[in-house]
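These notes concern the structure reproduced below.
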Amino acid sequence: RQHIGKIKTSCTEFDEMMGGGIESQSITEIYGEFGSGKTQVAHQLAVNVQLDQEQGGLGGSVIIIDTENTFRPDRIQQMVEGKANELGIELDYEEFLKNIHVARAFNSNHQILLVDSAMDLANELKDSDKPVRLLIVDSLTAHFRAEYIGRGTLADRQQKLNKHLHGLQRFANLNNAAVLVTNQVMSKPDAFFGDPTKPIGGHILGHTATFRLYIRKSKGDKRIVKLIDSPNLPEGEAVLAVTRDGIVD
Ligand code: ADP
Ligand code: MG
């Protein structure tokens, strides 16, 4: 078994709550309402994973399965510039963009297939100077939510989501990579689902995602992240801010 790596989040409290950062060989789920900052955290980790270990990274590249077309190269540039200022070093954002492999998923079946493509790419890059150390699925559940509507289809949805999560866990194990998935929750109940104010995937996701984080808006640019579920860490809360430079204390 390989040594578990940790990717720093750029927020000290958040890292401390996570026992050092987002872990490899695990799935971390971040759930919250629209606009709460899930995609911002994903972008920040896509930058940070590329940094050297002393800088909080794993010296690796990242694959993003983008299901909502929310990946923004401009945002990566801002975050790389922010990180360069923070560390007092020069960083080339174009180099960072090169190590972010983005695949758009058009529906849930395609999304599942893209994990196989991710595995192929990770194998290709295994002995390179930037092995894949992070896989992001943003959003894990949006296609599933849109395609499986109504009570009769819920069991099918769970079964598929479960299969997908097993593929992701396998990816994490075989590549010593961190997997980050996002999951949107609604602020108000809607007609279709039992309780859409809770993240979809319910129990199955609860058992598979090793770390579950709930993110919510606070005052101004502040966000509160809560560790809801972890195999080895106490529950906790951390305050972070989303700025032009990215995630900060
Ligand atoms: P979601 O949880 O839906 O994925 P996002 O991660 O997309 O939410 O968060 C969107 C929020 O992030 C915006 O409402 C804004 O507060 C913040 N944000 C996005 N881009 C920037 C930026 N360049 N500078 C500062 N804040 C930003
Ligand atoms: Mg998002």
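The values are calculated or read from the model by the stated rules, or taken from the named source; none is laboratory data. Treat the numbers as computed from the prediction; the structure is a model and nothing was measured. Every residue, glycine as well, gets a Cβ built from its backbone with ideal geometry; the counts of neighbours run over all protein chains shown. SASA here: full protein model, heavy atoms, side chains in, ligands and nucleic acids out. Shrake-Rupley method; radii C 1.70, N 1.55, O 1.52, S 1.80 Å.
Some values worked out for this structure:
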read-out: Accessible area per residue, Å², the chain with all protein chains present, probe 1.4 Å; value: 46
read-out: Karplus-derived 3J(HN,Hα), 6.51/-1.76/1.60, for each residue of the stretch 134-141, Hz, glycine and proline x; value: 8, 10, 10, 10, 10, 9, 5, 10
read-out: Length-normalised contact order for the stretch 21-128 - Cα pairs under 8 Å, 6+ apart - percent; value: 23
read-out: Protein-only accessible surface order, largest first, of 94, 81 at 1.4 Å; value: 94, 81
read-out: Net lengthening on full extension, residue 94/residue 156 (0.36 nm per residue, minus Cα-Cα); value: 18.2 nm
read-out: Phi to ³J(HN,Hα) by Karplus 6.51 cos²θ - 1.76 cosθ + 1.60 over the stretch 63-69, Hz, x for Gly, Pro; value: 10, 10, 8, 9, 9, 10, 6
read-out: In order through the stretch 153-169: 3J(HN,Hα) via Karplus (6.51 cos²θ - 1.76 cosθ + 1.60), integer Hz, x for Gly, Pro; value: 9, 4, 5, 4, 4, 4, 4, 5, 4, 4, 4, 4, 5, 5, x, 5, 5
read-out: Cα convex hull of the chain, projected area averaged across orientations, nm²; value: 12.6
read-out: Built amide H within the under 5 Å cut-off of residue 178, gap 5+; value: 25, 134, 135
read-out: Sites residue 146 and residue 117, calculated FRET efficiency, Cβ-Cβ separation with R0 30 Å, nearest 0.05; value: 0.85
read-out: Relative contact order (%) - the chain, alpha-carbon pairs under 8 angstrom, separation at least six; value: 30
read-out: Accessible area of the chain belonging to carbon and sulfur atoms, whole % at 1.4 Å probe; value: 49
read-out: Among beta bridges that DSSP assigns inside the chain, antiparallel share in %, nearest 5; value: 40
read-out: With at most 11 neighbouring Cβ atoms within 10 Å, loop chymotrypsin sites (Phe, Trp or Tyr not before Pro) (DSSP) excluded, longest segment of the chain; value: 107-249
read-out: Residue 102 long-range amide H proximity, modeled H, under 5 Å; value: 64
read-out: Longest segment of the chain lacking trypsin sites (Lys or Arg not before Pro) that sit in a DSSP loop with at most 12 other Cβ atoms within 10 Å; value: 2-125
read-out: Amide hydrogen neighbours beyond the local backbone of residue 243, cut-off 5 Å, H modeled; value: 248
read-out: Stretch gain in nm, segment residue 226-residue 128, where the contour uses 0.36 nm per residue and the Cα spacing is subtracted; value: 31.7 nm
read-out: Crossing angle, helix 38-48 versus the chain [Cα axis fit, 0-90 degrees, rounded to tens]; value: 30
read-out: Estimated Rh, the stretch 11-77: Kirkwood, alpha-carbon pairs, angstrom; value: 13.1
read-out: Residue 53-residue 87 pseudo-label distance in nm [points 7 Å out on the Cα-to-Cβ vector]; value: 1.5
read-out: Net +/- balance of residues flanking residue 39 in space, Cβ distance below 11 Å, scoring K and R +1, D and E -1; value: 0
read-out: Residue-averaged [θ]222 nm for the chain, counting only DSSP H segments that reach four residues, each worth -39500 (n - 2.57); value: -11000 deg cm²/dmol
read-out: Computed over the stretch 92-196: relative contact order in percent, which uses C-alpha pairs under 8 Å that are six or more apart; value: 32
